[in-house]
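In what follows, a structure is listed as structure tokens, so that the remarks can point back to it.
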């Protein structure tokens with residue numbers, strides 16, 4: 001049981017389950033899991049992240065942050081794209097059309113296809129250890145599917161692509177598509193803010209952002225099956241989430257690839273997913 005303190009409001013209180021005509025931000029679960037290359041119970045993660053939001057407060061070190069001024073609607077879960085992807089897209093589009101921004105809680109990374117398709121965005125930034133350019137329909141294919149559906153590869157930026165986690169063939173496919181790849185090693189010489197500025201200049205002014213948590217070091221994301229030692233830090237991911245929230249061009253994000261049933265006893269991966277939600281909201285609250 002968490003302690004109750006009226007002077008320490010919890011972040012979960014920001015989210016309304018009542019219908020809001022035009023919320024600043026909508027939260028929605030997209031519980032996909034069955035086409036994942038690696039077996040996963042990622043469909044259980046939206047509920048786990050929602051529950052974890054009870055652990056955190058509304059305070060932030062940036063004086064410009066004021067999340068209490070935001071109207072945020074928790075829209076519940078849409079149907080899984082594993083069942084009917086076209087219906088998932090239609091439900092997400094209905095949410096996106098009335099909201100200032102959408103946070104989609106996965107689910108595996110296959111949800112990026114539905115989320116982007118529903119958002120009417122024209123640029124894509126992925127935070128991911130992998131290219132997601134595989135054939136077929138699975139959690140390793142959404143970027144290829146989007147490009148084949150009409151997304152200009154020159155408007156795609158992939159940050160955090162990891163050594164020893166991809167194939168030369170998919171690297172060549174990324175080059176052929178015109179994708180800008182910013183590997184994990186680039187963060188050793190540049191700050192998140194510098195790389196974010198570079199990515200936005202390429203992706204444009206109408207952007208969807210995919211936060212695949214397996215970009216992180218395995219020590220902070222044990223519930224991500226494909227996370228490897230040497231990934232980005234939790235702090236770097238949180239900085240990127242804040243930057244995405246503060247950027248007017250970002251219309252929607254997703255948070256994917258966490259299997260809440262495989263998390264450590266301290267729930268560190270789910271907690272990180274919850275903090276990505278909150279950092280995005282904190283950044284969003286600074287938009288003028």
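The values are calculated or read from the model by the stated rules, or taken from the named source; none is laboratory data. All values derive from a computational prediction rather than experimental measurement. Here the Cβ positions follow ideal geometry from the backbone for every residue, glycine too, while neighbour counts run over all protein chains shown.
Taken over region 38-56, the criterion of being outside any helix (DSSP H, G or I) and at pLDDT 95 or above is satisfied by 40, 41, 56. Filtering region 52-67 to residues that are in contact (Cβ under 8 Å) with a residue 40 or more places away in the chain and either closer than 27 Å to residue 112 by Cα or surrounded by fewer than 21 Cβ atoms within 10 Å (Cβ to Cβ) (or both) leaves 52, 53, 54, 55, 56, 57, 58, 60, 62, 64, 66, 67.
Condition first: in a loop (DSSP other than H, G, I, E, B), touching a helix residue (DSSP H, G or I) at 6+ places or on another chain (Cβ under 7 Å), closer than 17 Å to residue 241 by Cβ and at pLDDT 95 or above. Can you find one or more residues in region 105-125 that meet it? Scanning region 105-125, I find at least one residue that is in a loop (DSSP other than H, G, I, E, B), touching a helix residue (DSSP H, G or I) at 6+ places or on another chain (Cβ under 7 Å), closer than 17 Å to residue 241 by Cβ and at pLDDT 95 or above, so the answer is yes. All of 249, 273 fail the test of being closer than 19 Å to residue 25 by Cβ, touching a strand residue (DSSP E or B) at 6+ places or on another chain (Cβ under 8 Å) and surrounded by fewer than 22 Cβ atoms within 10 Å (Cβ to Cβ), apart from 249. Among the numbered conditions (1) out of contact with any strand residue (DSSP E or B) (no Cβ under 9 Å at 6 or more places or on another chain); (2) touching a residue at least 12 places away in the same chain (Cβ under 8 Å), the only one that residue 189 does not meet is (2). Restricting attention to region 1-25, which residues are in contact (Cβ under 8 Å) with a residue 60 or more places away in the chain and within 22 Å of the chain's Cα centre (by Cα)? The answer is 11, 14, 22, 23, 24, 25.
The sole residue among 214, 235, 263 that is at pLDDT 95 or above and surrounded by 24 or more Cβ atoms within 10 Å (Cβ to Cβ) is 214. Restricting attention to region 86-93, does a residue exist that is within 23 Å of residue 197 (Cβ to Cβ), touching a strand residue (DSSP E or B) at 6+ places or on another chain (Cβ under 9 Å), crowded, with 24+ Cβ neighbours inside 10 Å and touching a residue at least 24 places away in the same chain (Cβ under 8 Å)? Checked region 86-93: no residue is within 23 Å of residue 197 (Cβ to Cβ), touching a strand residue (DSSP E or B) at 6+ places or on another chain (Cβ under 9 Å), crowded, with 24+ Cβ neighbours inside 10 Å and touching a residue at least 24 places away in the same chain (Cβ under 8 Å).
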